[in-house]
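**Student:** Let me begin by handing over the structure; questions about it come next.
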Amino acid sequence: MLDKTEIIDSPRQLTAVIHLTVPASEIMKVMGAGIGEVREKVAAQGLKVSGAWFTHHFKVPDSTFDFEVGVVVPAEVKPAGRVKPGTLPAGKVAHAVYHGPYEKLGSAWGEFMKWIEAQGHTPKGDLWEVYVTGPDSNPDPKTWRTEFYRPLN
């Protein structure tokens, strides 16, 4: 599942985001519309997205997801509707690359968390996923690539 695990220094990144808190059962319903709205508002401001879209979770998801859906931008976005400026924080993070279907993200995160603990690190409360490639680029889930980031204490 995971083909790369490492500890890296992550730079602070400016983002355009929508904050959402939803039951786990609704996550797939709100993410697509949310990222579409973010991209629309960023484009309307003449900004170019820097990379793939992401979700930044403020706590490990359980029955509720408390997160932002967004994109990295080169300059601070102006608030527009639900879209607000944000950041992905700088600091030491555990990073992994996962190849596979979204349905197995939870078990891949479990494997990643075991790796982090085995390395003697203690994670902070938040985490983020970057959806580098997915169904929009290839219908075969084996080709989908998601990057995991977990800030460390």
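What follows is calculated from the coordinates using simple rules that are stated; it is not laboratory data. Bear in mind that the values here come from a model prediction, so they are computed numbers and not experimental data. Because the Cβ atoms are built from the backbone with ideal geometry, glycine has one as well, and the counts that use them run over all protein chains shown.
**Student:** Among the residues of segment 53-90, write down those that are surrounded by fewer than 19 Cβ atoms within 10 Å (Cβ to Cβ) and closer than 23 Å to residue 110 by Cβ.
**Tutor:** Hits for segment 53-90 are 57, 58, 59, 60, 61, 62, 63, 64, 66.
**Student:** May I ask you to list the residues in segment 94-125 that are in contact (Cβ under 8 Å) with a residue 40 or more places away in the chain and more than 26 Å from residue 136 (Cβ to Cβ)?
**Tutor:** Within segment 94-125, 94, 115, 119, 121, 125 qualify.
**Student:** Let me ask something additional. When residues of segment 49-58 are filtered for being touching a helix residue (DSSP H, G or I) at 6+ places or on another chain (Cβ under 8 Å) and either more than 28 Å from residue 152 (Cα to Cα) or without any contact (Cβ under 8 Å) to a residue 40 or more places away in the chain (or both), how many remain?
**Tutor:** 1
**Student:** Within segment 112-145, count every residue that is under 24 Å from residue 62 (Cβ atoms), touching a helix residue (DSSP H, G or I) at 6+ places or on another chain (Cβ under 9 Å) and part of a strand (DSSP E or B).
**Tutor:** Selection size over segment 112-145: 4.
**Student:** Scan 118, 96 and give me the residue that is of a type in the set (A, V, I, L, M) and surrounded by 15 or more Cβ atoms within 10 Å (Cβ to Cβ).
**Tutor:** From the options 118, 96, the qualifying one is 96.
Residue-by-condition table, conditions (1) touching a residue at least 60 places away in the same chain (Cβ under 8 Å); (2) farther than 19 Å from residue 85 by Cα; (3) of a type outside the set (D, E, K, R):
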position: 7; (1), (2), (3): yes, yes, yes
position: 12; (1), (2), (3): yes, no, no
position: 17; (1), (2), (3): yes, no, yes
position: 21; (1), (2), (3): no, no, yes
position: 25; (1), (2), (3): no, yes, yes
position: 36; (1), (2), (3): no, no, yes
position: 41; (1), (2), (3): no, no, no
position: 46; (1), (2), (3): no, no, yes
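**Student:** From the residues in segment 19-48 that are closer than 26 Å to residue 110 by Cα and touching a helix residue (DSSP H, G or I) at 6+ places or on another chain (Cβ under 9 Å), which one is surrounded by the most Cβ atoms within 10 Å (Cβ to Cβ)?
**Tutor:** This residue is 20.
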